[in-house]
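Read through the structure below, which is laid out as structure tokens, and then see the notes.
The values are calculated or read from the model by the stated rules, or taken from the named source; none is laboratory data. Because the structure is a prediction, the values reported are computed rather than measured. Heads up, the Cβs are rebuilt from the backbone with ideal geometry, glycines too, and the neighbour counts pull from every protein chain shown. For accessibility, only protein heavy atoms count, side chains too; no ligands or nucleic acids. Shrake-Rupley method; radii C 1.70, N 1.55, O 1.52, S 1.80 Å.
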Amino acid sequence: VVRCDHCRTAFHRPCAAQHCLAAADAGRLPPRCPSCPATWPSAAIRYALETEANKARYNAAVRGLNELRAQRARHDAATVEEMRRLGVRACPRCGARVEKRAGDLMGSHGCPNMACRCGARFCFECGRLHVPGTAAAVPVRRRPRVFTARRGAQQLRRHAGLPGLRGRAPARGRAGGA
């Protein structure tokens, strides 16, 4: 019997072995308990994989997954370097790509302070988040006021001296007196 250290659920040894092998084949390592989110310790995995054939299959899957993860890390590093060369940086908060279009691509022209769509403000050159209230913080830009058709009509009437939608025209003097 294999027991989860976290939830204390008991599993038959062959069932636990099949669960470990299925998790390894699917790339979900380390295996987790089917009853709770806890990962199984290596001692429980070794005990569950009782035969040499099961251990060899599990270890082959682990080696393959480790190679895949290492290859992905090398690819990600190359992609990040290429994006940096093109003048694109990742937001340090949300990871969205931010491009600086002013001047040359390396940011020698213009301010290096950037604002992401998530609201993060960061230095384009070093990637550090700015702390609000410090001298290097990006000034807060106000969002443009959204005008509805009604507000737009009121504003036009006010500037033209015409009556508003709810009011009367301002009093005007008469031309030619009597």
task: Collect the residues in the range 22-41 that are in a loop (DSSP other than H, G, I, E, B) and either on the phi < 0 side of the Ramachandran plot or open to solvent by less than 20 Å² (accessible area, probe 1.4 Å) (or both), keeping them in residue-number order.
output: R28, L29, P30, P31, C33, P34, S35, C36, P37, A38, W40, P41
task: For residues that are of a type outside the set (D, E, K, R) and in contact with a Lys or Arg (Cβ under 9 Å, 6 or more places away or on another chain), scanning just the range 46-64, find the one that is farthest from R3 (Cα to Cα).
output: L49
message: Between R74, R57, R84, which is of a type outside the set (S, T, Y) and either part of a loop (DSSP other than H, G, I, E, B) or at pLDDT 85 or above (or both)?
response: R57
- prompt: Which of the residues that make up the range 4-47 are closer than 22 Å to N66 by Cβ and over 38 Å from the mean Cα position of the chain (by Cα)?
  reply: none
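Residues are listed down the side, and each one gets a yes or a no for (1) of a type outside the set (G, A, S); (2) under 30 Å from E125 (Cα atoms):
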| position | (1), (2) |
| --- | --- |
| A38 | no, no |
| A43 | no, no |
| E67 | yes, no |
| R72 | yes, yes |
| H75 | yes, yes |
| V80 | yes, yes |
| R93 | yes, yes |
query: If you go through the range 74-93 one residue at a time, how many are without any contact (Cβ under 8 Å) to a residue 24 or more places away in the chain and loosely packed, with under 14 Cβ neighbours inside 10 Å?
result: 11
field: Contacts under 7 angstrom Cβ, first residue in the range 11-24 being farther than 16 Å from T39 by Cβ, partner acidic (D, E) and outside any helix (DSSP H, G or I), 6 or more apart
entry: R13/E50; A17/E50
field: Within the range 111-130, tally of residues that are surrounded by 18 or more Cβ atoms within 10 Å (Cβ to Cβ) and among the aliphatic types (A, V, I, L, M)
entry: 1
